[in-house]
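What follows is a single structure, written as C-alpha cells, with notes after it.
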Amino acid sequence: MIILGIDPGSNITGFGVVQSENGRETLIESGVIRAGAKTEAKESPDHVLKLMRIHTSVTELIDEFKPDLCAVEMPVYGNNPQSMLKLGRAQAAAMLAALQREVPVTEYTPKEVKKAVTGNGNASKEQVRFMVETMLEMPAGTVITLDASDALAVALCHIHRGVTTSKATYKNWDSFARANPDRVK
C-alpha cells in the first residue's frame, strides 16, 4: 500500500510518500510544495494562485506515485482566524486533488499524528522528525525539512492506526448513490 501524506500550508505544503508492505514502511519520496514562491516581480502570489499551485502539485504527485490513500493533517487551532482560513483552504485544495483522482482521503489532527509517531501528542517538530527518520531507517546525514517530516508523520500515522482503507467509504457521489439507493432521492 502506498500512502501520500500531506501537511498543508498556504506557503509551504509538505508531502511524503510511504510504502507499507509486510509490516515495514519505506520512504518513496518527500519534499515541499512552495505555493508562496515569489514571482519575477518579487511579490507574493495571490492566495487563489497559491491554492491552484497546491492543487496542481498534489495532482502531479498522485499521477506520479499512484497512492492508494491520502492522509492529510487538519488545521485545528490557531490565534489568527485569517491564517486558519488560509490553512483550511490549502487543506481543501490538496484533498480535492486526491478526490478528483479517486484517491480516498483521511484527516488526522496534529495531536493524533504526533502521538502515533512519538507516543506524545505534544511532541516538538524536531522530535517528530527524529522519529520519522528512525522509523523509515533513513541513512545518517539525510536531511529533510520539518514540513516534509510532518507530512511523512501523517502517512505513518495512517499506517500505525491500523487503517487498511480510508475512513471515507466512498470515492465519489456516484459510488455512494449506487451503494445507497434508499438514501438518495
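Considering only DSSP states other than H, G, I, E and B, which GluC sites (Glu not before Pro) in the range 74-117 qualify as loop sites with at most 13 other Cβ atoms within 10 Å? All intermediate terms of the calculation are to be shown ahead of the outcome.
Values: sites: 102, 107, 112; in loops: 102.
Answer by residue number: 102.
The trypsin sites (Lys or Arg not before Pro) of the range 94-147 that DSSP puts in a loop, and whose beta carbon has at most 16 other beta carbons within 10 Å, are 101.
Coordinate-derived values only; no laboratory data. Remember, predicted model here, so these are calculated numbers, not experimental data. Neighbour counts run over all protein chains shown; Cβ positions are idealised from the backbone, glycine included.
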